[in-house]
Amino acid sequence: MAIIPVNLARVSNQLRMSVANSTIAKTQQRLLEVQNELSTGKKLNLPSDNPGDAAIAQQLHKLLETRDAYSTNLKAAGNQLSEVDSTLGSLSDLLQQAQTIASSNVGSDVTDSARQGAASIVDSLYRQLLDIGNHQFDGMYLFAGDRSTDAPFAETNGGVQFVGSSNLLKNSYGENVVLPFMVDGEELFGALSSRVEGTADLSPTLTTSTRLSDLRGATGDGVRLGSMLIGNGTTSAVVDLSQADSIGDVITAINNAGVGSITASISPSGLGLQLSGGAGDDISINEVGGGTSATDLGILQSVGAGAGLPVTGSSVQARVTLLTPLANLKNGAGIDTTNGMTITNGLVTKTIDLSGAVTVQDMLNTINGSGAAVLAQINASGTGINIYNPTQGTNMTIAENGGTTANDLGVRSFGPFSPLSELNLGNGVRTVTGNDIRITDSGGVSFDVDLSGASTIQDVLNAINSAAGAASAGVTAGFVTTGNGISLTDTAGGGGTLALTATNFSNAAADLGLTQPASGRVITGTDVDPVEPNGIFSHLAALRNALRSGDQQAITDAADGLKGDYDRVVRVRGETGARVQEIESRQQRLEDQNLATKSLLSSLEDTDFAEAVARFQTLQTALQASFQTSAKILDMSLLDFLG
Amino acid sequence: MPQMSLIGALNIGKTAMAVTQAAIQTTGNNIANVGNPDYTRQVTSISPNKGQQVQPGIIVGTGINLDAVQRQIDEALEGRIRGSISDDSAASTTEQWLGRVESVFNELTDQDLSTQLSTFFNSWSNLANKPQDIGLRQVVIQNGSSLAQSVQDMYGQLGSLQDDVDKRMEGLTTNANSIAQQIADLNGEIVKAEGGTPGSANSLRDQRDTLLKQLSDLVDIKTVTEPNGLLNVYAGSEPIILGTDNRGIGFRTESVNGKLEASVTIVKTDSEMKVTSGQLGALDQVRDSIGGVIDNLNSLANNLIFELNKLHSSGQGLEGLSTATTSNLVDDVTVPLNNPDANLDFAATTGSFVVHVTNKITGLTSSTLVQVDLDGKNGNDTTLQSLQTNLDGIADISASLSGGRMTLSADSTDVEFSFSQDSSGVLAALGINSFFTGSTAKDIAVSNVIQDDPALLSAAKNGEHGDNQTATAIAGLESASIQSLHGASLKQTYESMVNTVAISSASAKTHAEAASSIRETLEAQREALSGVSLDEEAVNLMRQQRAFQGAARLISAVDEMMKTLLSM
């Protein structure tokens, strides 16, 4: 209200009137405000009513709206995972049935016709499981990962091929809470073999067009761009790399800085950067303001390297990308593209001709498009490639075609790092205590080899070669050049025949595929490491086939496999159940939080009725008083008292 | 030796009656004007006539003399009142207009822009739950369209509000000019009427004071009174009225950098008038505030479009593209894309993107890295033309230029293409595979291509049709820090825009109350001096009546004395 000085010398009629007017007007204005508050129930109708409270209210509104999205996502994930949970329930039931059939059909008292009948039941289970694998929920294939637009399991080549993906879709369920809302079909069904993950680090060399985002950085933390300080002992300059996108941009930025005659280039190894200058340039490279650019680029040189000496950075660990030229792989040595490799999957054998391939993508396209129904991908860390056999029920082998392509890529299915335990479809190599094999060279020198300590093929080769060396025998063990297998080559040059026999009744020789007669001076072993997905479909197919043929051992093996599958499904189901519960509790928590937020919001926005009514009454009284005093005062005049 | 005479006494009675009548007339005039707020109370100034020496050392009074009828006025106080009128009307005008700006935002309701932003981004988050669902895609597009529409509406409303301000300013300057003209005219009349006796033309001066108050309501003025009664009026140091010369108050709009700027001018010199208060001063500032809000809204829309398009253009839809045309026009296709002559509204930077060409029959994809060089070095920066040449060199697709736009198309129906990993922002800057088209709040809209085929909405990032990584990235965009907004997010930018208006509006409200309170206080002080009090006038009247009666009695006494004398 206006502050009218009351110590005025005179009070004019005009003043009395305007005071009355303005007091009444203002009181009425305030009454209108209270009326509005009381009738809308809100004290914040416009942000300017109280900008401070309004700003908080606005943020709370936003918070509620954001939580709406979380809540929607939680509901969707809850529905989806509940569906997964119930699907997993039927999956485990069917697997249990299959196991029961397997165990009740082992033994000599089961008739052949009963087994045939059981086989057809298993066949029907197989179909049902396929249906489950391709189960759709709300238009989305549950087990297809980010390829959920298409059915993930397809019947091909007499097996079941996984054409889904194991990249699981994720969504946000809270501040910084990003979780997948799918179950990995690959893992669940044992859909892809894991044994052909490339073992070679393909370590590509840099080109000027290599993108910085495709580098793992010298420390493995990527390349975080900032600035660095380059000096030559006399002058220095800050090089801003924040706009750089490729190695070429970094080089251009350094060259344009013009510090002495320092120039940058890709280092001779091709894996990192190199800075070189004139005879007088004492090159130093330092971080600026806590940045990590120089460290990430592997060229940090806090004190001068010495006049005239170049600074050669460490490897920046370029990732293998689709666009990487094949010639840049393996530190610039490239891979053997002349000979290619042979991929056999089930009944199909394809020779992969890489002579026309220039980039990694060309190579992957050639492999994936070969018709061998295999899946080649760059691995997640970008260090090499993986070739999967996505078809259950078929065996895959990847072999050389006379060169070193498969080995270069580290994808030879029977390679130096193949674990013995996984050979022969997981039955491993059965060794005995003591020596396992005896080899006799053409000169008649024989030696025994103990394979008990070997865990990989390379260990076997080493054991043979060192035993041969110790016995001064002329025998070298290695890999065959075409196809897969161990080869034993006689170098003794005697008149006898190279021979290999088992000792101590060990099965190791047979399990390594070495029980072959010598051809000339060479024993060529067979491929005992075909790659087969150890999955539900292959186990069921094996059970069905074993029941049909009455192979007791195979029935037991298949039953063991199914037991593993069942355990895995039960474990995944347990995990899924836990996730459903987590989602429910998150939802609950979200609702609790919303309740708290809404009550806070209400305290900011909503009318405090008791207070507003009290205010209303005070104003009413004030207005009444204004009316009464105004009426009395304005009515009074000396003129009334003059005769 | 002068004579003492009855005539002298009669004369005294005559002067007394005359002066008393004048005083009664003044009182009457005061009483008559009791309801006139602009009236200044007048009082008669009287003094005894010069005495007559009847004997040495003895002086007898000769009656009364009317010196002046004076306005009871404090010129300094009037000046302060005029200042307070300017401030008061400025504050209430600001309050009123900012209230209108605030109501455009409609904030704190369920229909405000912040709710729509949330709804839009939430629909992206929901799309991530089921990226292949056409229904959810339609929801995203629908929410995008209504968001774009709301931004456009808001822009339109703010624009027409600015037009209203302009019209109001134009009208008010006309008023101000006519008031100034009347003051200049009155200056002349006052000098004429007073004829060398400054301060005597009371009613003309009252009229001039009233007009000055009316002018103060419109602009803040300073006045300087000259000894002869002329009053000069200044805005800042620039004269508006010099004596009887009105230099004129005008209104001018001119286009500066594509924006319409409005200003109040002095007609005579065609120079901008410094107006800081009064209705016109307030409107001038409100106009700037609205301009600022429009700029903020434009920047918000621009960043929303560009940042979202950057993510969207590097993503993939449920199907690849068979053809794509840039939606943003490049004026000169031979200059680097970040050159002002190219006239793109978005800034692409050095970087690269990957073009994937997929054969739909074999399902095999071949990818090509396209580099974008915009570092201004080596003279090899990317132009639209060089980009077109590069893209045209990719097998199975072709690129062509026409009228500043580039069109990419697949060479056969078996081939489709898509983009990924654009670190240069060039796709978004040119508007290929974009979600929003336009660049400001005026023209933001959802791309027709996407509206026609929701399958082209990018939810995927890794090339798999069922992927949702672009959708989740876009869902997170609302609260992501954006470099060109000085690290603030879209959400924060909008909130701070609304808060700025709310705070100005609230402070205008407080200011208006304070200003009106100051004005009332000053006016009360003025009333204490210049206002008419009926009670006081009644007492005066009684006194004057008695004085008149006394004077008349004196005359009749003298008359009787004269009769006595004559009948002797």
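The values are calculated or read from the model by the stated rules, or taken from the named source; none is laboratory data. What you see is a predicted model; the values in this text were computed from it and never measured. With ideal geometry, Cβ positions are generated from the backbone for all residues, glycine too; neighbour counts draw on all protein chains shown. Surface areas here come from the heavy atoms of the whole protein model, side chains and all, with no ligands, DNA or RNA. Shrake-Rupley method; radii C 1.70, N 1.55, O 1.52, S 1.80 Å.
Figures for the structure shown
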read-out	value
Mean separation of Cα contacts under 8 Å (6+ apart) over length of region B:1-85, as relative contact order %	32
Region B:306-456 shape via C-alpha gyration tensor axes, a/c threshold 1.5	oblate
For B:S45, distant residues with modelled amide H under 5 Å away	B:D67, B:A68, B:V69, B:Q70
For region B:431-470: relative contact order, % (alpha-carbon pairs under 8 angstrom, 6 or more apart)	23
Furthest towards positive pole of dipole, A:A237, A:L300, A:A144, structure part the protein assembly as shown, Cβ charges	A:A237
Inter-centroid distance (Cα atoms) of region B:461-494 relative to region B:191-235, Å	64
For B:D381, distant residues with modelled amide H under 5 Å away	none
Separation of the A:Q96 and B:V60 label points, Cα + 7 Å toward Cβ, nm	14.4
Chains A and B, summed buried accessible surface - 1.4 Å probe, Å², nearest 100	5800
Cα lying deepest toward the dipole's positive end in chain A, options A:V460, A:I343, A:N50, charges on Cβ	A:N50
Cβ-based charge dipole, the protein assembly as shown, positive-most Cα from B:L308, A:S209, A:T404	B:L308
Label-zone membership for region B:515-547, site A:Q29, 7 angstrom Cα→C-beta point, backbone N under 17 Å	B:515-524
Estimated FRET transfer efficiency (B:Q25, B:R252; beta-carbon r; R0 51 Å; 0.05)	0.55
Value of [θ]222 nm, deg cm²/dmol, for chain A, DSSP H segments ≥ 4, -39500 (n - 2.57) each, nearest 500	-13500 deg cm²/dmol
Overall form of region A:122-215 per C-alpha gyration tensor (a/c, 1.5; a/b vs b/c)	oblate
DSSP-loop chymotrypsin sites (Phe, Trp or Tyr not before Pro) across region A:466-544, with at most 10 other Cβ within 10 angstrom	A:F505
Per-selection Kirkwood Rh - region A:226-332 (Cα, Å, 1 d.p.)	14.0
At R0 = 60 Å, FRET efficiency that the Cβ-Cβ distance of A:N504 and B:T362 yields, to 0.05	0.65
Separation of alpha-carbon centers, region A:579-608 and region B:120-185, rounded to whole Å	33
Helix A:51-104 axis, angle to chain A major axis (alpha carbon atoms, nearest 10°)	30
Placed amide H near B:V370: partners under 5 Å, 5+ positions off or other chain	B:F353, B:V354, B:V355
Residues of the protein assembly as shown: accessible area per residue with a 1.4 Å probe, Å²	43
Mean separation of Cα contacts under 8 Å, 6 or more apart, over the residue count of chain B: relative contact order %	21
Alpha carbon Rg of region B:77-124, scaled by the compact-globule rule 2.2 N^0.38 Å	2.02
C-alpha center-to-center spacing [region B:273-323, region B:502-568] in angstrom	61
Distance (nanometres) between label positions extended 7 Å along Cα→Cβ at A:L38 and A:N79	4.7
Area of B:I361 that stays accessible when all protein chains are in place (1.4 Å probe, Å², to 10)	120
Helix-only CD estimate at 222 nm, as mean residue ellipticity for chain B, using -39500 (n - 2.57) per DSSP H run (n ≥ 4)	-18000 deg cm²/dmol
Over 21 Å between alpha carbons, listed pairs B:K130/B:K461; B:K130/B:K442; B:K222/B:K509; A:K43/B:K509; B:K167/B:K222	B:K130/B:K442; B:K222/B:K509; B:K167/B:K222
Using alpha-carbon coordinates, inclination of helix A:457-470 to the longest axis of chain A, degrees	40
Note, ³J(HN,Hα) from phi for region A:34-43, Karplus 6.51, -1.76, 1.60, rounded to Hz, x at Gly and Pro	5, 4, 4, 4, 5, 7, 8, x, 10, 9
Solvent exposure, largest accessible area first (probe 1.4 Å, DNA, RNA and ligands not counted), of B:R546, B:R247	B:R546, B:R247
